[in-house]
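Comments concern the structure below.
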Amino acid sequence: MITIHDALILTPDGPVPGDLTVEGDRIAALATGNADTHIDARGGWVGPGLVDLHTHLREPGFEWKEDIRSGSRAGSVGGYTALVAMPNTSPAIDAGHLARFVTDRGREAGLLEVMPAGAITMGRENQALAHLDELFAAGVRVFTDDGDGVADAGLLRHAMEYLAERGGVVAQHAEDPGLGRGGHMHEGLVSSRLGIRGLPSLAEETMIARDLALVRLTGVRYHAQHVSSAGSVELIDEAKRAGLPVTAEVTPHHLNFDHSRVESMEPCFKMYPPLRTAEDVAAVGGALAAGIIDVVATDHAPHAEHECEVPFEEAPRGVIGLETAAAAVLTAIELSAIGFFQKMSVIPASIAGLASQGQWIEEGAPANLMVFDPEAVWVPERFASKSQNSPFRGIKLKGKVMATIFAGRITHQVSS
Ligand SMILES: [Zn+2]
């Protein structure tokens, strides 16, 4: 039995100060119990464990970067109790047995819930549809070729028709391969100054615009991944106003940094979509606060140290994010405790259909929780992830995960 003392508890009726007791894998009472383990929350927030819709766990195929166990460890340090694992592994998760492998490995690690996302096309090759039926039967609800956008509108339409009927979500890494070809950073003033080939915002916006037309046709639930530009925000806002079943995510790095960071030529500022202009950063932050962008997702993308010790153009795509996400979000924008847990847990859990995640704290609810001190200031240096490619290394952040509880067990706790 675990009692958390002196917390601001995020209940269905809003934040309530008090104590909380966990027994077995459930919340037993919003009161002190006869516990053998005590956590002093000191006025910190206790809310549902965070849920990430966009994690690269790299297993199978790239275990030197991360594996399901090490990625689960990084997630629990970051306050997460569930992750949706992207399917751009080797092999890609395009069939039922592969999805079950990911789920099973997650269960073996036992630190949080791992839900596999399925590929939309076989091998993510944009040639034929993946085994959507098998994937769905294996529990997959989020489908994406993440790493690439699905360029073939005909294939995407068929996937959308199939998944609209079943109730799946099409998640898109929106990047037109022609417009994006050869780009290493945002196409703009900084890329011209550095002489590095750029990738325009239009590569994202044209694909989202096309997809929204297909959503209108098929009625499928559509989720725009890592939205990075003001133009994309406008398209999503318009689609929502028109009543389309559309959601969107933004990453902590797109909330915090603009393309001027690339002047350092540090590979930990290379990601797709790239860091864009200060106006874009303001637009995605404003959209998150206003609910036009629904959730924060990390796009946690581990790469080993030796892979990053290369010129910027040759560096791999993406940065890690699980262990800094909660703090990086609060450092970038002001959120109430309710707003924070909505965007980091409640809404992501409902998009992915994770029934035992993202629930406000009450008696009988599953004990998937995190304790967060919103005032703590710290500087990240080393990470539990196998990879260390973080853009937040050495940067002062506000807000720290003090403890994480998954299925009634403490999976992370800061020693005091
Ligand atoms: Zn992506």
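The values are calculated or read from the model by the stated rules, or taken from the named source; none is laboratory data. Since the model is a prediction, treat every value here as computed from it, not as a measurement. Ideal geometry is used to build each Cβ from the backbone, glycine not excepted, and the neighbour counts take in all protein chains shown.
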Exercise for review: Identify the single condition in (1) crowded, with 18+ Cβ neighbours inside 10 Å; (2) within 17 Å of the chain's Cα centre (by Cα) that residue 339 does not satisfy, given that it satisfies every other one.
Suggested key: (1)
**Study point:** Count of residues meeting criterion [more than 16 Å from the ligand (Cβ to nearest atom) and part of a loop (DSSP other than H, G, I, E, B)] in the range 262-284
**Key:** 3
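I'd like to know if the range 204-223 contains one or more residues that are at pLDDT 95 or above, small (Gly, Ala, Ser) and within 16 Å of the ligand (Cβ to nearest atom). Write out each step before concluding.
Applying the first criterion (at pLDDT 95 or above) to the range 204-223 yields 204-223.
This time we only want the ones that are small (Gly, Ala, Ser), so: 209, 213, 219.
Narrowing further to those that are within 16 Å of the ligand (Cβ to nearest atom): none.
Among the residues of the range 204-223, not one is at pLDDT 95 or above, small (Gly, Ala, Ser) and within 16 Å of the ligand (Cβ to nearest atom), which makes the answer no.
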Check your understanding: Do you know which residues across the range 33-56 are assigned to a strand (DSSP E or B) and within 21 Å of residue 253 (Cα to Cα)?
Key -> 50, 51, 52, 53, 54, 55
Review point. Just for the range 285-343: of the residues that are at pLDDT below 95 and hydrophobic (A, V, I, L, M, F, W, C), which one is nearest to the ligand (Cβ to nearest atom)?
Key: 315
Review point. Can you name every residue in the range 151-202 that is among the hydrophobic types (A, V, I, L, M, F, W, C), closer than 20 Å to residue 231 by Cβ and touching a strand residue (DSSP E or B) at 6+ places or on another chain (Cβ under 8 Å)?
Key: 171, 174, 179, 185, 199
Revision key, fill the gap. For the range 221-261 the number of residues that are crowded, with 24+ Cβ neighbours inside 10 Å and in a helix (DSSP H, G or I) is 5
Check your understanding: Which residue, of 165, 175, is among the acidic types (Asp, Glu), free of Cβ contacts under 8 Å to residues at least 60 places away in the same chain and within 23 Å of residue 212 (Cβ to Cβ)?
Key -> 165
Review point. Any idea how many residues of the range 57-97 are surrounded by fewer than 24 Cβ atoms within 10 Å (Cβ to Cβ) and not in a loop (DSSP other than H, G, I, E, B)?
Key: 6
Practice item. Say whether the condition of being in contact with a Cys (Cβ under 9 Å, 6 or more places away or on another chain) and more than 19 Å from residue 53 (Cα to Cα) is met by at least one residue in the range 370-388. Key: yes
Review point. Are there any pairs with C-beta distances below 6 angstrom linking a residue in the range 73-92 that is more than 17 Å from residue 386 (Cα to Cα) to a residue that is buried (at least 24 other Cβ atoms within 10 Å of the Cβ) and β-branched (Val, Ile, Thr), with the two at least 6 apart or on different chains, and if so which?
Key: 79/401; 79/404; 82/51; 84/142; 87/93
Exercise for review: Scan the range 11-43 for residues that are surrounded by fewer than 15 Cβ atoms within 10 Å (Cβ to Cβ), without any contact (Cβ under 8 Å) to a residue 60 or more places away in the chain and over 28 Å from the mean Cα position of the chain (by Cα) and jot them down.
Suggested key: 17, 31, 32, 34, 36, 38
